[in-house]
1. Across region 10-20, what is the total count of residues that are free of Cβ contacts under 8 Å to residues at least 60 places away in the same chain and surrounded by 12 or more Cβ atoms within 10 Å (Cβ to Cβ)?
2. Is it the case that some residue within region 95-104 is in contact with a helix residue (DSSP H, G or I) (Cβ under 6 Å, 6 or more places away or on another chain) and aromatic (Phe, Trp, Tyr)?
3. What is the residue count in region 34-51 for residues that are under 24 Å from Glu85 (Cα atoms) and among the basic types (Lys, Arg)?
4. Looking at Glu85 and the list (1) within 19 Å of the chain's Cα centre (by Cα); (2) open to solvent by less than 60 Å² (accessible area, probe 1.4 Å), which single condition is not satisfied?
5. So, of the residues in region 97-111 that are part of a helix (DSSP H, G or I) and either open to solvent by 80 Å² or more (accessible area, probe 1.4 Å) or touching a Pro at 6+ places or on another chain (Cβ under 6 Å) (or both), which turns out to be modelled with the lowest pLDDT?
Amino acid sequence: MEVKDFAEIARHRLNVCRDMIIQDEYDGWACDGDRLHNFKILGVLRNEMPEKALWSLANRYFTSILEIINDLEVPDNKPNIGQLEGKITHLISYLIVLEALFKEREGGGKR
């Protein structure tokens, strides 16, 4: 793959991820302005740190992607690129939220 084609894929995916995490889906997660609220509550419900709760959710996407990869071995099977893109976007977003949880824990966030 040429550099320009790879760069376009990266730009597109990061833009989609940015739009989702800042403006769209994750906006509903904020409680009293705390974007990390849902992960904190999930951690309480599971009696674990929010970071572990997030990692459990992220692992669902890793597992789904592994299933898509395994399906490549099936003759004449074509992967659903749209599904793959969505799972990749969610994983990138979860990693950003994980970073925010760590930074908040060390005192880098408001809460």
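The values are calculated or read from the model by the stated rules, or taken from the named source; none is laboratory data. All values derive from a computational prediction rather than experimental measurement. We place every Cβ from the backbone using ideal geometry, glycine too, and count neighbours over all the protein chains shown. Please note that ligands, DNA and RNA were not included when accessible areas were found on the heavy atoms of the full protein model with its side chains. Shrake-Rupley method; radii C 1.70, N 1.55, O 1.52, S 1.80 Å.
1. We begin by selecting, within region 10-20, every residue free of Cβ contacts under 8 Å to residues at least 60 places away in the same chain; these are 10-12, 15, 18-19.
Subsequent filtering for residues that are surrounded by 12 or more Cβ atoms within 10 Å (Cβ to Cβ) retains 18-19.
The number of residues fulfilling the criteria is 2.
2. Scanning region 95-104 turns up no residue that is in contact with a helix residue (DSSP H, G or I) (Cβ under 6 Å, 6 or more places away or on another chain) and aromatic (Phe, Trp, Tyr).
3. Going residue by residue through region 34-51, those that are under 24 Å from Glu85 (Cα atoms) are 35-36, 38-39, 51.
Cutting the leftovers down to among the basic types (Lys, Arg) gives us 35.
The total comes to 1.
4. (2)
5. Here is the first cut: in region 97-111, the residues part of a helix (DSSP H, G or I) are 97-105.
Narrowing further to those that are either open to solvent by 80 Å² or more (accessible area, probe 1.4 Å) or touching a Pro at 6+ places or on another chain (Cβ under 6 Å) (or both): 99, 101-103, 105.
Details: Glu99: 94, Leu101: 94, Phe102: 95, Lys103: 94, Arg105: 90.
Top of the filtered list is Arg105.
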